[in-house]
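Visitor: First the structure, then my questions, so here it is.
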Ligand SMILES: Nc1ncnc2c1ncn2[C@@H]1O[C@H](COP(=O)(O)OP(=O)(O)O)[C@@H](O)[C@H]1O
Ligand SMILES: [Mg+2]
């Protein structure tokens, strides 16, 4: 063995992963979930918040409108930070201070960043070691900010797109009924205007942090979202 004595297995694994390229590394865990609507996406975020610790990095992947900000809102609620958590469209990142002495939430949007993000680029009045950092569109850009991270990928699968079309048809029918002066119950889940449709969510943990916390994370995500 060429490693220096005392270098633990975890430290060795972390050192052998070049920053930013650990997407190729074997994940510590992968959990797949089906999330039927926006409220459940927020609930998922709140459950994730229960296992998140200061210095954690969460990278959110998924197309426009997938639900990344909705998930970040749930994380913010679960952490008990000052809101509102909204799409950080005109700033790269926003700091949401904790209202109960826990970690702050740093919510960032890397959409317009063309290259790898350095801590200095965030230009934050926040210490990432004492915050939970959640980055939308951060895949392949921000992983070097921490030695491990959670990647959460939100997809609309083909089956879910078909279900969404059906839901849209039902919503259109409900709107017609509402226009006729009838009660419109089916649009109740659509707080922001976009109707609920199922998302497939893949949570993948990388690095020693998530090797150590894999069981806790699995337990936090085990209950059905309803
Ligand atoms: N299952 C779901 N999970 C999350 N959001 C959903 C879901 N179904 C419908 N929505 C709606 O989709 C939109 C997601 O928007 P947002 O979270 O801003 O996406 P992103 O940040 O990925 O662009 C919201 O209007 C939300 O109400
Ligand atoms: Mg967003």
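Visitor: In nm, what is the difference between 0.36 nm times the number of residues separating residue 157 and residue 82 and their Cα-Cα distance?
Guide: 23.7 nm
Visitor: Mind giving me the nanometre distance, one decimal, between the label points for residue 170 and residue 226, set 7 Å out from Cα along Cα→Cβ?
Guide: 1.7
Each value in this text was obtained by applying a stated rule to the coordinates, not by laboratory testing. Everything numeric here is computed off the predicted structure, so don't read it as measured data. Quick reminder, even Gly has a Cβ in these numbers, built from the backbone with ideal geometry, and neighbours come from all protein chains shown.
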